[in-house]
Amino acid sequence: GLRLADQVWIVTGAASGIGRAIARLFASQGARVVVADVTQQVIEGGPPTIDVISTEGGNAIYLPTDVAQREQVDATVAETVSRYGRLDGIVNNACIRHARTLLEMDEGNWERVLKVNLTGTYLCCRAAVGQMITQERRGEVRGRIVNLSSQHGMIAAPSDIAYGTTKAAIAYLTRQIAVDYAAQGIVCNAVAPGKIQTGATGRAIDPDVLDRAHRRTPWPRLGLPDDVARAALFLASDDASFVTGINLMVDGGWTAA
Ligand code: NAD
């Protein structure tokens, strides 16, 4: 059967890239998906995520949401619950990058990256858990959170001090929420992708860096958005019973090598 039948999931940053792949896979598994993003513009090209999902026979709506703005996050959770009656899960995927070393990074951009990636994840977890703890359990679970960290929260990325810092912090935030809310039926895990080929990756990273990443990854190809989406689906589903607080590497063996 469908693994997320009748469930309601918010996916932040689902206009493009990995978030888009997650939204499509979750919708294909029966979830009603809320695409929460600042735009519907697809970085890698193609029709908006909600149109693709509808073509594929799934159910998705777009709610414009800047994850860094508390009122917008709270409004998106409230609108989701008023439409569908509950919130089964949220995937905190929205992020920005600003690749700089310590001395190159000015305070404004440092704060902007922390605000979207880390504060945004905190605000979304806070709004989601606030709703989830009021809900009936489905089986053992009131709600599930899947956060996006990164291999670059475990090992240093070339010149990406703010981004990597937020991704390390997200792995910690994930553990803390898992521990504090387990008794109330909240499951919180993270997925940590390695180098994934998205529109953003192709645009932002020069071919030499991609080539080096490829040679550095034991599995003989770069990752694809669907590799990450399948891991997120596992953490979103009842298959992940008794799994909480983990940071699941999806990196082709990069951090193992
Ligand atoms: P992407 O840049 O392709 O997409 C990011 C999405 O987030 C876009 O749709 C963008 O509009 C949205 N967004 C940006 N700021 C936002 C805001 N303030 N509020 C709401 N939405 C906002 O990114 P991606 O490569 O698909 O990465 C997705 C996630 O996966 C990120 O959390 C990233 O850290 C993680 N990740 C990616 C890679 C990779 O190689 N691509 C590797 C490790 C981790």
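The values are calculated or read from the model by the stated rules, or taken from the named source; none is laboratory data. From a predicted model like this one, the values you see are computed outputs, not experimental measurements. Neighbour counts run over all protein chains shown; Cβ positions are idealised from the backbone, glycine included. Heads up: the accessible areas ignore ligands, DNA and RNA and are worked out on the full protein's heavy atoms, side chains in. Shrake-Rupley method; radii C 1.70, N 1.55, O 1.52, S 1.80 Å.
Values as computed for the structure displayed
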| quantity | calculated |
| --- | --- |
| Surface per residue (accessible, 1.4 Å probe) for segment 8-250, Å² | 45 Å² |
| Separation of alpha-carbon centers, segment 204-245 and segment 1-66, rounded to whole Å | 19 Å |
| Per-residue SASA entry for L87, accessible area with 1.4 Å probe, Å² rounded to 10 | 0 Å² |
| Accessible-area order (highest first, 1.4 angstrom probe) of the listed residues W9, W254 | W254, W9 |
| Segment 8-250 - charge dipole about Cα centre, Lys and Arg +1 at Cβ, Asp and Glu -1, debye rounded to 20 | 360 debye |
| Kirkwood-Stokes translational diffusion coefficient of segment 8-250, alpha-carbon pairs, 10 °C, 1.306 mPa s, µm²/s | 89 µm²/s |
| Degrees, to the nearest 10: 207-216 long Cα axis against longest axis of the chain | 80 degrees |
| Convex hull projection area averaged over all views, segment 91-222, Cα basis, nm² | 9.4 nm² |
| Accessible area of the chain belonging to carbon and sulfur atoms, whole % at 1.4 Å probe | 53 percent |
| Longest DSSP-loop-exposure-free segment, trypsin sites (Lys or Arg not before Pro), the chain, at most 12 other Cβ within 10 Å | 1-136 |
| Candidate residues C95, C125: accessible-area rank, largest first, probe 1.4 Å | C95, C125 |
| 0 to 90° range, to nearest 10: angle between helix 120-132 axis and the chain longest Cα axis | 20 degrees |
| Whole-number percent relative contact order across segment 8-250, with pairs defined as alpha carbons under 8 Å at least 6 apart | 20 percent |
| Volume of the Cα convex hull of segment 1-41, divided per residue and given in Å³ | 48 Å³ |
| Rounded to 10°, Cα long-axis angle of helix 70-84 versus longest principal axis of the chain | 40 degrees |
| Signed unit charges on C-beta, dipole axis of the chain, positive-most listed residue L63, I10, G153 | G153 |
| Charge context of G153, other residues only, Cβ under 15 angstrom, K/R +1, D/E -1 | +2 |
| Antiparallel DSSP beta bridges within the chain, percent to nearest 5 | 5 percent |
| Cut-off 14 Å between beta-carbons: net charge of the residues surrounding Y62, Lys and Arg +1, Asp and Glu -1 | 0 |
| Residue-count net charge about L102 - beta-carbon cut-off 15 Å; Lys, Arg +1, Asp, Glu -1 | -4 |
